[in-house]
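What follows is a short report on a single structure.
Just so you know, all these numbers are worked out from the coordinates, no wet-lab data involved. Source: prediction; values computed, not measured. Positions of Cβ are generated from backbone atoms using ideal geometry, with glycine treated the same way; all protein chains shown enter the neighbour counts.
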Amino acid sequence: MQLSSNQSLKNKKKIINDPVYGFISLPHDVIFDVIEHPYYQRLRRIKQLGMSQLVYPGALHTRFHHALGATHLMWKALETLRRKGHEITDEEETATLLAILLHDIGHGPFSHTLEHAIVKGISHEQISILFMERLAKKFGQAIELAILIFKDEYKKPFLHQLVSSQLDMDRMDYLNRDSFYTGVSEGVIGSDRIIAMLTVKDNQLMVEEKGIYSVEKFLVARRLMYWQVYMHKTVVASEVMLTKILERAKEIAKTTVLFGSPALLHFLEKDYTLQDFQTQADLLDIFAELDDNDIMGAIKVWQYHEDPVLSLLSKMLVQRKLFKIEISKSPFSKDRLAMEKALFQAYPNEVSGTLSNYFICSDKLTNNAYNEARERINLLMKNGEVVDISKASDNLNISALSTPVEKYYLCYPRHFS
């Protein structure tokens with residue numbers, strides 16, 4: 001049965017039951033159309049938190065969930081600013097909603113975990129822009145304006161700041177959503193209160209003075225979520241293992257036949273640059289075929305590969321026999337690394353000494369909840385003065401949060417120690 005145009009339009013006014021915010025609606029038809037596109041539907045198959053489900057079993061939510069939630073918060077923020085007399089046209093509203101809806105569309109499998117393991121030197125933001133430019137050919141001016149807002153090239157900077165800043169709708173949703181699905185209550189923030197306190201002055205996004213405590217809680221929650229969830233030591237260990245597996249697979253795939261989906265093998269067998277994506281029309285479509293299933297499906301088969309490194313690492317990850325990990329405030333010494341490599345070699349295994357770097361890994365973790373030098377969160381005081389949150393706050397923790405915290409980790413196989 002063919003629907004009439006009126007019926008077709010009505011069908012786009014979907015109501016979505018979101019576990020975090022309750023019933024949310026799609027305010028514009030083009031939002032529904034973009035969500036229906038295969039590029040966007042792919043986000044259903046990419047987990048928001050990479051390997052975190054190995055620590056927090058409930059953390060199985062996807063980039064699809066997150067982007068919808070961030071779009072809902074964006075709609076509330078735009079409505080708030082309009083009620084306060086700030087001009088936002090219908091076209092600007094639609095474009096800003098599309099910008100936040102598509103802000104993560106460039107993520108590859110397992111989100112940030114494999115960001116540079118599959119395509120080196122290209123950020124997910126750069127790939128997001130490529131996807132948006134492709135979608136603009138289909139959906140026209142609305143996406144073109146969304147790209148300008150996303151890239152901060154539009155005449156109203158506050159619209160970009162709602163999409164990407166230190167107090168954007170992206171961060172507000174992922175803190176709400178990640179705390180909900182992990183069960184880590186420290187991440188809960190007062191997003192409704194913060195959005196209600198948003199305002200604009202001189203085309204810059206600001207928070208009214210009386211919203212200071214909600215912003216303080218937001219920054220503290222972000223710091224806590226980083227150490228407790230995003231950089232939880234067991235999550236780090238599992239993500240190191242996953243990247244090492246892909247690193248080894250890339251090395252093997254360039255010389256021998258390796259199992260994998262056509263899309264995965266395409267990126268394992270050759271390294272591509274941003275220019276390649278811009279000049280090879282089919283490359284983006286091949287990337288759009290990748291999701292978490294390609295990676296885990298391959299790793300399950302790689303458990304039985306003849307290469308001992310790939311086989312052993314794959315078995316360990318599938319069976320959750322994760323690396324042992326130690327966290328330190330100072331770098332691990334060369335002597336300690338040498339000792340772990342010697343212990344690894346002393347244990348009966350098929351891996352030669354030259355390949356121990358796949359199993360003994362050390363690097364740095366950085367947590368910066370508030371980067372004052374990058375972009376400030378400004379408070380609009382009652383007297384009209386604009387003050388940075390770290391200067392206005394009487395909470396000493398806020399000043400501390402603007403200082404990056406660095407820690408170091410050492411990973412090694414648990415049963416070889």
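Over 30 Å apart: what share of the alpha carbon pairs of the stretch 14-226 falls there, rounded to a whole percent? So the pairs more than 30 Å apart make up 19 percent of the total in the stretch 14-226. Modelled this way, with points 7 Å down the Cα-to-C-beta line, the labels at ALA338 and LYS324 are 2.0 nm from one another. Beta bridges per DSSP, both residues in the chain: antiparallel share near 95 percent.
Here the stretch 127-144 is scanned for amide nitrogen atoms under 20 Å from the site 7 Å beyond the Cα of HIS112 along Cα-to-Cβ, giving 127-129. For the listed peptides 359-366, 250-257, 59-66, a ranking on the average number of other beta carbons within 10 Å per residue, highest first, reads 59-66, 359-366, 250-257. Using 0.36 nm per residue and subtracting the Cα-Cα separation, the extra length available between ASP192 and LYS151 on full extension is 12.1 nm. Within a Cβ distance under 11 Å of ASP292, other residues only, what is the Lys/Arg minus Asp/Glu net charge? Value of the local net charge: +3.
Give me the Debye-computed log₁₀ of I(q)/I(0) at q = 0.17, 0.22, 0.31 Å⁻¹ for the stretch 111-165, equal point scatterers on Cα only, no solvent, two decimals. Listed by q, the Debye log ratios stand at -0.63, -0.87, -1.10. Once you sort the root eigenvalues of the Cα gyration tensor of the chain as a ≥ b ≥ c, which label holds: rounded (a/c under 1.5), prolate (a/b larger than b/c) or oblate (the other case)? Oblate, because a/c is 1.5 or more while a/b does not exceed b/c. Pairs exceeding a 26 Å alpha-carbon distance, out of LYS250/LYS321; LYS138/LYS300; LYS341/LYS407: LYS138/LYS300. Show that you can apply the helix-only estimate: for the chain, add -39,500 (n - 2.57) for every DSSP H stretch of four or more residues, divide by all residues, and state [θ] at 222 nm to the nearest 500. The helix contribution divided over the chain gives -14500 deg cm²/dmol. When the alpha carbon gyration tensor of the stretch 48-172 is reduced to an equivalent ellipsoid, its three semi-axes come out at 27, 18, 12 angstrom, largest first.
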